[in-house]
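Student: Sharing a structure with you now.
The values are calculated or read from the model by the stated rules, or taken from the named source; none is laboratory data. On a predicted model such as this, the values are computed, not experimentally measured, just so you know. We place every Cβ from the backbone using ideal geometry, glycine too, and count neighbours over all the protein chains shown.
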Amino acid sequence: MSLPPSVELVNSGVRRGAFRVALFDFDGTLSLVREGWPRVMVDLMMGHLRDQRLIREPEPACAAHVESFVMALNGHPTIRQMERFAEEVAARGGTPAAPAVYLRQFLDTLLAVVYARWGDLESGRARAAEWVVPNAHGILRAFEARGVPLFVASGTDLAHVAREAELLQLTAHVGGRIAAPKDNDASFRKRDVIERTVRESGIRGHELIGFGDGVVETQEVKRAGGVAVGVASNPAGVGGVNAAKRDTLIAAGADLIVPDYEHATELLAWLWGDA
């Protein structure tokens, strides 16, 4: 069994064999409902820097710098990005607001878009398949067919992840096995979730496989000894590999890169070493 052409093998020595637990990030890995959030966050931060006249380099360079730390913290509770931005404002000689203030502004803007998409899903104007990474339901079913329990670890608020999982018809696959911060709890760490999952499942680290589109979950799955599949997903309706995500995921230690799950059955067959 060979890898499908859409899958990039980064680590030629990646472990192949039966996996006993699969862990998925949520936003960008299963759900696409929050697509566009980085632009919303960067625009908010750039607006505050402009207001305090703190942009001293060419604006595109400043925006690239802001985006770099926003994406480096992708996967942590969102408040972490706001704490980092407050540090940035102070370092530039400005007066930062409380991180919670920045968070509220970001969520107010983003959730206006998210709630509209929820409404489309609730009313039937949109189908669940339109707002997930292509064939997300298929890969979850493929793992279930192999008897592998599925877990979700997300940096997005728990109430929102649970609601979206329901709207996207993912709850039947992950049930109550969703770990996410309650009320944007800054103490939430995916490392803790992964360590607890390995421990409570009674598995060894190399029996874990993780899927994610961010740095944090990729690094933490690797730290635990598992196999990390980087999901270089694009916005809904846009196919192919997201080049920026791909590069970031490879730098974080991803063993394989996929743009989506269209070839999930073949990917799992290769990982398991099926004849």
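Student: Mind listing whichever residues of region 131-153 are surrounded by 15 or more Cβ atoms within 10 Å (Cβ to Cβ) and either aliphatic (A, V, I, L, M) or at pLDDT below 95 (or both)?
Tutor: V132, V133, A136, I139, L140, A142, V148, L150, V152, A153 - these are the residues of region 131-153 that are surrounded by 15 or more Cβ atoms within 10 Å (Cβ to Cβ) and either aliphatic (A, V, I, L, M) or at pLDDT below 95 (or both).
Student: I would also like to ask the following. With among the hydrophobic types (A, V, I, L, M, F, W, C), surrounded by fewer than 21 Cβ atoms within 10 Å (Cβ to Cβ) and either at pLDDT 95 or above or part of a helix (DSSP H, G or I) (or both) as the only criterion, which of A251, A236 stands out?
Tutor: From the options A251, A236, the qualifying one is A251.
Student: Give region 44-70 a look and list any residue that's among the hydrophobic types (A, V, I, L, M, F, W, C), part of a helix (DSSP H, G or I) and within 17 Å of R84 (Cβ to Cβ), or say none.
Tutor: Selection gives L44, M45, M46, L49, C62, A63, A64, V66, F69, V70.
Student: Could you check, for region 206-223, whether at least one of its residues is among the small types (G, A, S) and part of a strand (DSSP E or B)?
Tutor: Checked against the condition, which is being among the small types (G, A, S) and part of a strand (DSSP E or B), region 206-223 yields at least one hit.
Student: State whether the residues of region 48-69 include one that is free of Cβ contacts under 8 Å to residues at least 40 places away in the same chain, of a type outside the set (F, W, Y), at positive phi and out of contact with any Lys or Arg (no Cβ under 8 Å at 6 or more places or on another chain).
Tutor: Among the residues of region 48-69, at least one is free of Cβ contacts under 8 Å to residues at least 40 places away in the same chain, of a type outside the set (F, W, Y), at positive phi and out of contact with any Lys or Arg (no Cβ under 8 Å at 6 or more places or on another chain), which makes the answer yes.
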